[in-house]
1. Provide a single number: the residues in the range 50-87 that are among the acidic types (Asp, Glu) and either part of a loop (DSSP other than H, G, I, E, B) or touching a strand residue (DSSP E or B) at 6+ places or on another chain (Cβ under 6 Å) (or both).
2. Among 179, 202, which is the only one that is closer than 29 Å to residue 419 by Cα and in contact with a Lys or Arg (Cβ under 6 Å, 6 or more places away or on another chain)?
3. Which residue, of 85, 72, is within 27 Å of residue 351 (Cβ to Cβ), of a type in the set (A, V, I, L, M) and surrounded by fewer than 17 Cβ atoms within 10 Å (Cβ to Cβ)?
4. Name every residue in the range 446-483 that is surrounded by fewer than 19 Cβ atoms within 10 Å (Cβ to Cβ), modelled with pLDDT under 95 and of a type outside the set (Gly, Ala, Ser), in order of residue number.
5. Do we have any residue at all in the range 439-449 that's of a type outside the set (Gly, Ala, Ser), within 18 Å of residue 196 (Cα to Cα) and in contact with a strand residue (DSSP E or B) (Cβ under 9 Å, 6 or more places away or on another chain)?
6. Name the pairs whose Cβ atoms lie under 9 Å apart, with the first residue in the range 64-77 and over 10 Å from residue 285 (Cβ atoms) and modelled with pLDDT of 95 or more, the second buried (at least 23 other Cβ atoms within 10 Å of the Cβ) and aromatic (Phe, Trp, Tyr), and 6 or more positions between them or separate chains?
7. Of everything in the range 341-379 that's hydroxyl-bearing (Ser, Thr, Tyr) and not in a loop (DSSP other than H, G, I, E, B), which residue is surrounded by the most Cβ atoms within 10 Å (Cβ to Cβ)?
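The values are calculated or read from the model by the stated rules, or taken from the named source; none is laboratory data. Remember, it's a predicted structure, so these values are computed and weren't measured experimentally. As a convention, Cβ positions derive from the backbone with ideal geometry for all residues, glycine included, and neighbour counts pool all protein chains shown.
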Amino acid sequence: MSHSRENIVVVGGGVAGLATALRLAPLPVTLVVAAPLGAEAATGWAQGGIAAALGPDDRLDLHAIDTLAAGAGLSEPEVARRVAAAAPEAIDWLVGLGTPFDRDAEGGLALGLEAAHSRRRIVHAEGDGTGRVVLETLTRAVRACPSIHVMEGWRASELLPDAQGRIAGIAARDRDGRTLTLAARAVVLATGGLGGLYAATTNPLGAVGSGLALAARVGAVLRDMEFVQFHPTAMAVGGDSERAASGGPAPMPLATEALRGEGARLFSSRGERFMAEVPGQELAARDVVARAIFAQLTAGETVVLDARLKDIERRFPGVAALCRAHGLDPAVTPIPVRPAAHYHMGGIRVDAAGRASVPGLWACGEVASTGLHGANRLASNSLLEALAFARWIAQDIAGEEAAPGTPRAPAAPRPGSPARAEIRALMDRQVGVVRDAEGLASAAARLRVLSARDGCDLSLVALAITEAALRRCESRGGHFRADHPAPAALARHSETRLAVPSSDAAETRQVA
């Protein structure tokens, strides 16, 4: 089975994939999603909102400044300014599609506060249900769009170049093992993140960096793979379990950062408010809060978030429901929390139009490294980034006249990973919140063995993260080295690509 070479293939059913497909209309788009549309996407679990400088006391440059401060020297100023400037249009576009954002008494957009933001600028829907509401709105719009053909239950298994090396299509596989080839004039990867590589994560367990592996195997450059953000306040209720099916319920539900923005406080089991003397306190950057909680846990303490706020049921219905599902009443009992893998700042290196280093390939959302997030993502910038780049990618593809050749024949499908549980435990233990050379080297050695043995996506992506972390002998943003606790004098990106695109041996280097 094959589609027309005039077709555009978008892979992924979260906000990045759906928004890109819609922005491409009326061009013909095939949207390839591994699950029923609107399901199994991390977007739906996003309790935060969309950052936008809309308040009377706010400015676009203040939003950009906050983004650069959180990015710890690796956010690119021009990208930060450009994305901040795109926020009002993105919100207007969503409103035009019917997104029911929360409003204030005067009918204007209600703006919340989150960590490391200097102003109230977080646009929400149904309190802490923004991701779900936005995903539902975009899903309805995609279903109603005649130029979008949705293929549900199919997973991209390979990017297919033509004889000149331009991406000319994909191979896809369904759950029954059937395979097909889709020819395309352009391919957009919007496959999400990689939190599922960690034993403790707020992400769908199917989020294991599959898009990164697809791109790496055709020679695309990956950037800043070592920067993984650990959300400080995942709910420590029931822990993680391999029993959860891939893409099933999040193994660790999230206590949104907005709770701390509205006054919730962190306490140790000794009753100490350990963030009180830290600059920014509970609203310090996520990496700072995550390490502070991790230090308490390492010392044998437990940590709770005291979120006994007025009207928590009304203001944060999602959190309240998650707590009740685990036998907690957040209006009465503080919530036990711990850090968990949440967001990947690194990804496929793309330019201002979302183009990867391989012709014919674009990337949008968490799978991409745009230069916005740097070493540490500012809260609620992720949905904004996806919405902004979806528009720019669509404009770029629409203006291109490239005619790809015939895609090469796909290779045999790669196997799943028999070492999934081992990889997740290894990453949590040795490539987590706090790292050091001994643990990273040991993890890299084991992952090389697994990668050579299995040749699967999980070991490839985990190894790329680990080797990049081992080479970055400093602490910066989400990457903390106990043996190198200070940042280097010069902030430098790292770049990773496979030594030979058809192999799983990666080469990482730092660049200015």
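1. The total comes to 3.
2. Checking each option against the conditions leaves just 179.
3. Every option except 85 fails the conditions.
4. Selection gives 453 alone.
5. No, every residue in the range 439-449 fails to be of a type outside the set (Gly, Ala, Ser), within 18 Å of residue 196 (Cα to Cα) and in contact with a strand residue (DSSP E or B) (Cβ under 9 Å, 6 or more places away or on another chain).
6. The qualifying pairs are 74/227.
7. Among those residues, the one meeting the criterion is 369.
The rows are residues; the columns are (1) modelled with pLDDT under 95; (2) under 21 Å from the mean Cα position of the chain (by Cα); (3) at positive phi.
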| site | (1), (2), (3) |
| --- | --- |
| 330 | yes, no, no |
| 336 | no, no, no |
| 348 | no, yes, no |
| 361 | no, yes, no |
